[in-house]
1. Determine, for L181, L272, L220, the number of other Cβ atoms within 10 Å of each Cβ, and report the residues in order from fewest to most.
2. For the range 204-307, state the semi-axes of the equivalent ellipsoid (square roots of 5 times the eigenvalues of the alpha-carbon gyration tensor), sorted largest first and rounded to whole angstrom.
3. Using only C-alpha positions, report the orientation-averaged shadow area of the convex hull of the range 167-236, nm², one decimal.
4. To the nearest 20 Debye, how big is the dipole of the range 175-215 about its Cα centre, given +1 on the beta carbon of each Lys and Arg and -1 on that of each Asp and Glu?
5. Please work out the C-alpha center-to-center distance from the range 195-220 to the range 227-247 and express it in whole Å.
6. Mind listing which GluC sites (Glu not before Pro) in the range 194-289 are in a DSSP loop and have 15 or fewer other Cβ atoms within 10 Å?
Amino acid sequence: MSTKWPIIALITTMIISLTSCNSCKRSDDPSRAFNVPDSLMSDQPLPIAKPVMDEMMQNIASPLETAALMKALKVPFDKGFLTPTKVAEKFNTSFDKALALGIYGCDLGYINMYEKTSFVVDYITHIKRIADDIQVGQFFDFSTLKRLATNSENLDSIIFIAQQNFNRMDTYFKETNRSILSAVMVAGTWAEGMFLTTKVAELTNHAKIRETLGEQKAVLGYLMALLKVYENSDPNMAALIRDFEGIRQHYANVTITYEHGEPEMVEVNGELTWVQNDKQTIHMEDSDYREIIASIQAFRNKLAKLN
């Protein structure tokens with residue numbers, strides 16, 4: 001499916017390669033593959049080696065692939081799917097504000113995918129305020145983003161600027177020993193993206209949406225491995241991990257199998273590249289499907305201060 005990526009890239013591309021979950025086949029239990037021994041955990045975690053971080057990040061699929069699918073399925077835009085900006089004042093701590101950046105950034109991607117420019121300025125304004133609160137507002141060119149956001153033809157430019165902004169922000173978090181906030185933003189983005197997925201699942205029961213929810217069993221393993229690096233750094237992180245574990249328990253009976261396919265050389269943007277024709281099969285009972293949807297929605301509402 002060919003899509004024009006929305007502004008969600010400004011969150012996910014700071015440390016996540018925009019890949020499909022097919023790469024998750026490297027491990028049936030990613031959280032074990034990247035397990036961090038207790039002896040290495042401390043209030044100031046050791047930095048993660050870049051190859052290991054890249055491996056984890058490449059296996060956490062961008063949740064806003066769903067937004068493109070939603071539009072392709074002709075699911076109408078619904079403002080009620082968004083986390084309202086009026087609850088932004090409830091995010092008080094740096095930890096909460098990092099979650100909010102992830103959540104609102106995901107919403108902004110959904111808004112831009114549907115070209116609902118009337119909502120853009122409101123969400124950008126709140127993202128700026130939150131970013132300023134955790135000392136990363138200097139990495140945003142909000143004036144340019146607002147100007148470009150009024151013209152859907154400029155989405156590629158928005159994405160490019162946003163990618164630069166968030167890459168700089170993530171680097172700054174690392175330099176100031178606050179890498180935990182990058183991980184928290186990823187968690188917020190995942191939660192909001194999967195909430196959008198569940199809402200479409202309820203509306204359409206489409207096979208692709210069902211597959212997207214099923215493959216989160218593998219994605220959750222990689223995401224939780226990242227979060228566990230910071231488990232002892234902040235009690236809020238330990239609580240967040242427990243909530244994620246609650247969701248993952250509903251995936252216990254979900255199975256994902258992979259069939260290796262022969263690679264194929266194809267043309268992409270005027271260049272030849274390899275495409276791996278692997279096949280993924282997900283088995284999920286209807287009862288588990290419903291429980292997964294309910295658990296994700298409850299989790300997201302808790303993070304978004306809507307309970």
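Any read-out appearing in this document is the output of simple, stated calculations on the displayed coordinates, not a laboratory observation. As the structure is a prediction and not an experimental result, all values here were calculated from the model. Cβ sites come from the backbone with ideal geometry, for glycine too, and all protein chains shown count toward neighbours.
1. Working: L181 25, L272 8, L220 21.
So the residues, fewest neighbours to most, are L272, L220, L181.
2. On the way: eigenvalues 194, 76, 38 Å².
The equivalent ellipsoid of the range 204-307 has semi-axes of 31, 19, 14 Å.
3. Working: hull surface 22.5 nm².
Convex hull of Cα atoms, orientation-averaged projection: 5.6 nm².
4. Values: 4 positive and 5 negative charges, 13 e Å.
Rounded to the nearest 20 debye, it is 60 debye.
5. Spelled out, the Cα-based centre of one part sits 23 Å from the other.
6. Details: sites: E202, E211, E215, E231, E245, E259, E264, E267, E271, E285; in loops: E215, E231, E285.
Filter output for the range 194-289: E285.
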